[in-house]
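Participant: Have a look at this one before I ask anything.
Derivation of every value follows stated rules applied to the coordinates shown; laboratory data play no part. Quick caveat, the model's predicted, so the values are computed rather than measured. Note that we place each Cβ from the backbone using ideal geometry, even for glycine, and neighbour counts take in every protein chain shown.
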Amino acid sequence: MRQKNSILTKLCPCYGNSLDLDPPAQANDSSTTQPAPLQCTDEIREHCKELLLTDAQISEMMNRLLEDVQKGLGKDTHASSIVKCFVTYVQDLPNGTERGKFLALDLGGTNFRVLIITLGEKHVFDMKSKIYAIPQSIMLGSGTQLFDHIAECLANFMKEHSVGHERLPLGFTFSFPLTQRGLTKGLLERWTKGFDCSGCVGEDVVQLLKDALARRNDTMNIEIAGILNDAVGTLMSCAHKKQTCRIGVVVGTGSNACYVEKVENAEMFDGDKSKPYVIINTEWGAFGDDGRLDIVRTEYDREIDQYSINPGKQLHEKMISGMYMGELARLILVKFTKQGLLFGGRGSDLLYKRGNFFTKYVSEIESDKRGSYINCRQVLEELGLNHATDQDCSNVRYICECVSKRAAHLVSAGVATLINKMGKDSVTVGIDGSVYRFHPHFHDLMTEKIAQLVTPGIKFDLMLSEDGSGRGAALVAAVACRDR
């Protein structure tokens with residue numbers, strides 16, 4: 001059994017004190033005789049060099065991302081831009097005066113949630129929610145099947161909570177690339193995260209949900225007040241508590257970011273220009289789909305992409321997110337094993353099978369106290385690698401650290417690019433997602449790297465979002481009703 005204090009059983013991040021991948025052993029007190037932790041072997045360290053981003057590489061990526069963001073914002077360049085920078089039509093942030101009862105629907109992975117949230121004074125939230133599974137047959141079926149399933153679960157939830165006859169505003173978190181035509185109209189650009197439902201691409205997903213609700217012929221009285229993605233929800237959720245929040249980032253199954261932009265710079269925006277700002281959904285997961293990330297991509301990244309369901313797409317996301325991080329580590333372990341650098345050259349059928357090294361393993365292995373291999377050995381035993389030595393465990397940890405550190409630095413470069421672009425003196429970055437939430441060092445790695453990359457004089461802080469995709473959806477609905 002995995003030990004009870006495994007990092008994934010914790011409700012909030014536990015950040016380590018050391019940021020070095022393999023720091024030198026501390027000098028022992030003369031009264032102790034504990035051996036210094038094993039160091040990673042020179043051979044493994046040399047083979048992992050390509051995973052460690054140089055300052056020059058990060059600087060070039062920031063320049064390229066900024067160029068792509070500018071293209072996405074421009075009317076003449078938007079169509080050809082890889083980083084789309086979709087206008088969200090969310091122009092107002094929470095100010096603490098929102099009151100009432102709201103529904104939220106959160107769709108962004110293999111499960112979705114329905115929530116009912118009551119907003120009160122002094123930032124009080126009363127939240128009830130339920131998680132519903134989406135079978136793979138529905139994920140790969142028709143759009144009608146998907147939205148009928150969602151509508152049925154929504155109806156059941158409302159009946160359970162005796163609100164079936166109330167008229168409730170609903171915020172719809174839909175965490176896939178959308179071209180928005182308004183706060184309640186969004187055209188699906190493409191599916192990601194393992195979905196491939198037919199009849200949805202190019203369609204208004206709000207209308208697809210409305211059609212599914214209408215097909216039920218029951219008494220549900222729902223007003224869809226806004227559609228958003230999880231990055232926008234993260235920003236809204238954090239802004240409700242901290243007024244300086246201007247960036248929302250998700251590092252979970254996927255990766256994306258949004259930020260507050262001046263209306264005058266958002267050339268694709270055709271809404272209310274009397275208000276000075278609008279939230280932009282960057283969709284930075286697609287950054288590099290045109291080859292501009294090739295300066296840092298490795299053979300492992302190319303193999304991940306080759307065997308994915310969307311080859312050539314979401315290349316930036318595939319270097320960062322939880323959907324791919326474990327598999328990246330596995331591919332490296334497999335190569336080094338076959339080269340005789342790990343496990344005495346003896347692997348296992350489980351190690352060699354795709355998808356068998358879960359992203360949670362990376363977090364668990366890095367949660368071991370340095371020099372201890374309790375979690376690492378349990379992971380390796382689950383993979384049939386009972387013959388692993390302490391040196392193997394040290395090497396495996398270093399490999400995991402290289403993969404997660406690269407991901408943290410890629411996210412940090414993107415965040416710093418947006419902070420510098422906005423030019424605010426002080427910015428709070430709201431962050432959500434399982435990788436950021438549960439990896440023991442991700443927060444510290446990001447804090448350290450962003451501090452190196454932002455314009456001198458700019459202050460920033462990273463804020464863990466409390467359920468951005470749920471609370472944020474309700475807050476979008478609440479702000480829309482507040483403004484009306």
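Participant: Using just the helices of the chain, give the 222 nm mean residue ellipticity in deg cm²/dmol: DSSP H runs with n ≥ 4 each add -39,500 (n - 2.57), and the total is spread over all residues, rounded to 500. Don't jump to the answer; show the numbers that get you there.
Facilitator: On the way: 16 runs with 182 residues, N = 484.
Result for the chain, helices only: -11500 deg cm²/dmol.
Participant: Right, next: Please pull out the direction-averaged projected area of segment 126-249, using the convex hull of its alpha-carbon atoms, in nm² to one decimal place.
Facilitator: Taking a quarter of the hull surface, the average projection is 8.4 nm².
Participant: Still on this model: Can you give the relative contact order of segment 142-200 as a percent, counting alpha carbon pairs under 8 Å and 6+ residues apart?
Facilitator: Answer for segment 142-200 is 37 percent.
Participant: So how do 364-374, 260-270 stack up, highest first, on mean other-Cβ count within 10 Å?
Facilitator: 364-374, 260-270
Participant: Take every DSSP beta bridge with both residues inside the chain and express the antiparallel ones as a percent of the total, to the nearest 5.
Facilitator: 60 percent
Participant: Given that compact globular proteins tend to follow 2.2 N^0.38 Å, what is the ratio of the alpha-carbon Rg of the chain to that value?
Facilitator: Output field value: 1.00.
Participant: Also, quick follow-up: How big is the charge dipole of segment 140-207 about its Cα centre, in debye rounded to the nearest 20, if each Lys and Arg gets +1 on its Cβ and each Asp and Glu gets -1 on its Cβ?
Facilitator: The calculated dipole for segment 140-207 is roughly 200 debye.
Participant: To the nearest 20 debye, what is the magnitude of the charge dipole of segment 329-480 about its Cα centre, counting +1 on the Cβ of each Lys and Arg and -1 on the Cβ of each Asp and Glu?
Facilitator: Magnitude of the dipole: close to 460 debye.
Participant: Further, regarding this structure: Among the lysines, which fall within straight-line cross-link reach of Lys71, defined as a Cα-Cα distance under 19 Å, with same-chain neighbours fewer than 8 residues apart omitted?
Facilitator: Lys84, Lys262, Lys313, Lys421
Participant: In addition: In straight Cα distance, which lysines are under 17 Å from Lys159, not counting same-chain residues fewer than 8 positions off?
Facilitator: In chain and number order, the partners are Lys101, Lys128, Lys130.
Participant: While we're looking at this one, here's another question. Kindly express, to the nearest 10 degrees and within the range 0 to 90, the angle between helix 468-483's C-alpha long axis and the longest C-alpha principal axis of the chain.
Facilitator: 30 degrees
Participant: So if I place +1 on the C-beta of Lys and Arg and -1 on the C-beta of Asp and Glu, and nothing else carries charge, what would the dipole magnitude of segment 123-252 be about its Cα centre? I want it in debye, nearest 20.
Facilitator: Result for segment 123-252 is approximately 420 debye, rounded to the nearest 20.
Participant: Given the convex hull of the Cα atoms of segment 54-109, what is a quarter of its surface area in nm²?
Facilitator: About 7.5 nm², averaged over all directions.
Participant: Between the alpha-carbon centers of segment 461-484 and segment 371-446, tell me the distance in whole angstrom.
Facilitator: Cα centres, segment 461-484 to segment 371-446: 27 Å.
Participant: I've got another one for you. Among Ile320, Phe269, Gly291, whose Cα lies farthest out toward the positive end of the dipole of segment 253-335, if unit charges sit on the beta carbon of Lys, Arg (+1) and Asp, Glu (-1)?
Facilitator: Comparing the listed Cα positions along the dipole, Ile320 ranks first.
Participant: Averaging over every viewing direction, what projected area does the convex hull of the Cα atoms of segment 261-413 cover, in nm²?
Facilitator: 11.5 nm²
Participant: Further question: Write out the trypsin sites (Lys or Arg not before Pro) in segment 41-144 meeting two conditions: DSSP loop, and at most 14 other Cβ atoms within 10 Å of their Cβ.
Facilitator: Lys75, Arg99, Lys122
Participant: Each label point is 7 Å from the Cα along the Cα-to-Cβ direction; what then is the distance between the points at Ser142 and Gln39, in nm?
Facilitator: Inter-label distance under the simple model: 6.4 nm.
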